[in-house]
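Peer 1: The following block contains the structure, expressed as structure tokens.
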Amino acid sequence: MNLLFYNIGIGLYYLAARFASFFNDKAKKFCDGRKDLLHKIETETGRLRGKDANRPSDDIIWFHCSSVGEFEQARPLIEWFRAERKEYKILLTFFSPSGYELRKNYELADWVFYLPMDLPHNVKTFLDIVRPKAAIFIKYEFWYNYLRILKKRNIDTYIASAIFRPSQIFFKWYGRFFVKALGTYKKIFVQDDASAELLGGLGYKDNVIVSGDTRFDRVAKITSSSGDFPFIKSFAGKGFTIVAGSTWQPDEEILAKVIKNFSSVKIVVVPHEISSERIAAIDMTFKDYKVIHFSSFSEKDEDSGYSGEDVLEKALKKAGEADVMVIDCLGLLSSIYKYGNMAYVGGGFGAGIHNILEAAAYGIPVVFGPKYSKFKEARDMIDLGAALSISGYRDLYDIIDRFLKENIYRTVEKKGAIAGKYVSDNMGATYRITSNLDL
């Protein structure tokens, strides 16, 4: 009966998304991406169904991520497979459009698809096509039909960088149905001891390994190979620069209100979404400031106005005179934090903060909104003094005012050093996971 209700719920979720797709672009991508999806997977992989089908002999490792954040946790594992286990092909799936759209051309995966909805027919057909050697889910992905059918087919299934909290459904009186899903994993790689203890209370001990979070390995690698952006460097100059990453409108409104009080402060705004509507809204929020867009400097040809040395110098000067730079393209944030004296990470006034480790890896203090309790790294960094949480405009004002009035080398750099050490001390999850895979 529980499974019936679960399947009905999944079906209703998809119907709701179909309805929302008439009004919401993200919902439209969610639905459009799943049209004829199983046929697309079969065709593009060449792994035809049927006992007599001529099928490639390559073994597949299937990685599944919900969205962009989970992909960053999967990425070190995928890179390890590409370097150390080249005999396997990599199939990567995403649940959300934001993850798929950003990484649909990820060069280390052989195929990237949306995840077919978790209904029995879809799951069976997907597995008939792919027949993975192993499946690796990331962090929070507990799709009941996928897990039970993978188990039934004796396909080794893992979850990596998982984290558990008492508030999750597994630990409620009505969550016993979902507790069964945890028994389908061959190994559960968790981020911390607290998660292991919670799972132990449910009877899961032998298949639980405390491995840490692979994002620490990822961000450490980024800092050692990040690109250079002379226009951002010129913009930052010698003043106090805040890199505001993965922002939403509430974050931008607070930032715009605060910096009017500090003439020496500049902001690099890297919004979580870069639709034309969002960029226009950001421009309006910062209408009282000199705003430039990164894209206005990014095309090196005659029409862009800075291909020669003389006009290049003028463009750099223009960047240096602005108050706010809006990064209106994807994929740069992790390399941009190094130009900041402080990072502001968005999402804390919405569903929850985005990735703060990308900033911490560069050894700068991190500030974010009030909704961070679900994120272990945020709690840890606050306890260590490397991060600060704000509940509104006044808190952010006080933080910046203190940073500017006190000796910056004593306050900002001290907190930043703690942040950098926190990242380096927590590396190694990729090794701990890959050395415990039965492959």
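Peer 1: Just to be sure I understand the model, the point goes 7 Å from the Cα along the line to the Cβ. What's the resulting Leu439 to Gln168 distance in nm?
Peer 2: 2.2
Peer 1: Could you order the peptides 212-224, 37-49 from most to least packed, using the average number of other C-beta atoms within 10 Å per residue?
Peer 2: So the peptides 212-224, 37-49, ranked by packing, come out 212-224, 37-49.
Peer 1: Could you give the C-alpha radius of gyration of the chain expressed as a fraction of 2.2 N^0.38 Å, taking N as the number of residues it contains?
Peer 2: So the chain has a normalised radius of gyration of 1.05.
Peer 1: Taking the number of other C-beta atoms within 10 Å as the exposure measure, put Trp173, Trp143 in order starting with the fewest.
Peer 2: Trp173, Trp143
Peer 1: Moving to a separate point now. May I ask you to list the lysines whose Cα is less than 20 Å away from that of Lys172, ignoring any residue fewer than eight positions away on the same chain?
Peer 2: Output for Lys172: Lys139, Lys180, Lys205, Lys374.
Peer 1: For the range 354-434, run through the GluC sites (Glu not before Pro) and keep only the ones in DSSP coil with at most 13 other Cβ atoms within 10 Å of their Cβ.
Peer 2: Here the sparse-neighbourhood loop sites are Glu406.
Peer 1: Let me ask something else. What order do you get for Ser435, Ser424 when you list them from fewest to most C-beta neighbours inside 10 Å?
Peer 2: Arranged by neighbour count, lowest to highest, Ser435, Ser424 become Ser435, Ser424.
Peer 1: Continuing with this model, one more query. Return the FRET efficiency for the residue pair Ser373, His39: r is the Cβ-Cβ distance, R0 is 51 Å, and the value is rounded to the nearest 0.05.
Peer 2: Given R0 = 51 Å and the Cβ-Cβ separation, E is 0.75.
Peer 1: Among the chymotrypsin sites (Phe, Trp or Tyr not before Pro) within the range 1-48, which fall in a DSSP loop and have no more than 11 other Cβ atoms within 10 Å of their own Cβ?
Peer 2: Phe22, Phe23
Peer 1: With a 10 Å radius around each residue's Cβ, average the other Cβ atoms per peptide and rank 253-263, 232-242, highest first.
Peer 2: Descending packing order for the listed peptides: 232-242, 253-263.
Peer 1: Can you give me the Cα centroid spacing of the range 147-222 and the range 379-439 in angstrom?
Peer 2: 26
Peer 1: What are the radius of gyration and Dmax of the range 181-274, computed over its Cα atoms and given in Å?
Peer 2: Using the Cα atoms of the range 181-274, the pair Rg, Dmax is 21.1, 58 Å.
Peer 1: To make sure I understand the rule: partners must be lysines, Cα under 16 Å from the Cα of Lys257, and not fewer than 8 residues away in the same chain. Which ones qualify?
Peer 2: Correct list for Lys257: Lys266, Lys287, Lys290.
Peer 1: Now, a different point. In debye, nearest 20, what is the charge dipole magnitude of the chain about its Cα centre with +1 on Lys and Arg Cβ and -1 on Asp and Glu Cβ, if you could check?
Peer 2: Dipole about the Cα centre, nearest 20: 1480 debye.
Peer 1: Return the calculated 222 nm mean residue ellipticity for the chain, to the nearest 500 deg cm²/dmol, obtained by summing -39500 (n - 2.57) across DSSP H runs with n ≥ 4 and dividing by the residue count.
Peer 2: Only helices count here, giving -13500 deg cm²/dmol.
Peer 1: Taking all pairs of different Cα atoms in the range 223-425, averaging 1/r and flipping that mean, what Kirkwood radius in angstroms comes out?
Peer 2: Roughly 17.1 Å, rounded to one decimal.
Peer 1: Same structure, new question: If I fit a long axis through the Cα atoms of helix 68-84 and take the longest principal axis of the Cα atoms of the chain, what angle between them do I get, 0 to 90°, rounded to 10?
Peer 2: Once rounded, one gets 70 degrees.
Peer 1: A further question follows. Please compute the contact order of the range 2-162 in relative form: average sequence separation of alpha-carbon pairs under 8 Å and at least six residues apart, divided by the residue count, as a percent.
Peer 2: 24
Peer 1: A follow-up question, please. Can you tell me which of Gly183, Gly203, Gly369 moves the most in a GNM of the chain? Springs connect C-alpha atoms under 10 Å apart.
Peer 2: Greatest mean-square fluctuation among the candidates belongs to Gly203.
Peer 1: Rounded if a/c is under 1.5, else prolate if a/b beats b/c, else oblate: with a ≥ b ≥ c from the C-alpha gyration tensor eigenvalues square-rooted, which is the range 16-142? Please list the in-between numbers first.
Peer 2: Numbers: a/c = 2.03, a/b = 1.22, b/c = 1.66.
Oblate, because a/c is 1.5 or more while a/b does not exceed b/c.
Peer 1: Ok, one more. At what distance in nm do the modelled label points of Leu3 and Val210 sit from each other, each positioned 7 Å from its Cα along Cα→Cβ?
Peer 2: That separation, rounded to one decimal, is 3.6 nm.
Peer 1: Report the relative contact order of the chain, percent, no decimals, based on alpha-carbon pairs under 8 angstrom and at least 6 residues apart.
Peer 2: Relative CO of the chain lands at 12 percent.
Peer 1: Okay, next question. Taking the Cβ of each residue in Met381, Met325 as the centre, tally the other Cβ atoms inside 10 Å and list the residues starting with the fewest.
Peer 2: The order, fewest Cβ neighbours first, is Met381, Met325.
Peer 1: How much length is gained if the chain between Asp228 and Glu321 is pulled fully straight, taking 0.36 nm per residue apart and subtracting their Cα-Cα distance, in nm to one decimal? Each step should come with its number before you reach the end.
Peer 2: Numbers: separation 93, 0.36 × 93 = 33.48 nm, distance 1.96 nm.
Result: 31.5 nm gained on full extension.
No lab work stands behind these numbers, since they all come straight from the coordinates. These numbers were taken from a predicted model, which means no experiment stands behind them. All Cβ positions, glycine included, derive from the backbone under ideal geometry; neighbour counts span all protein chains shown.
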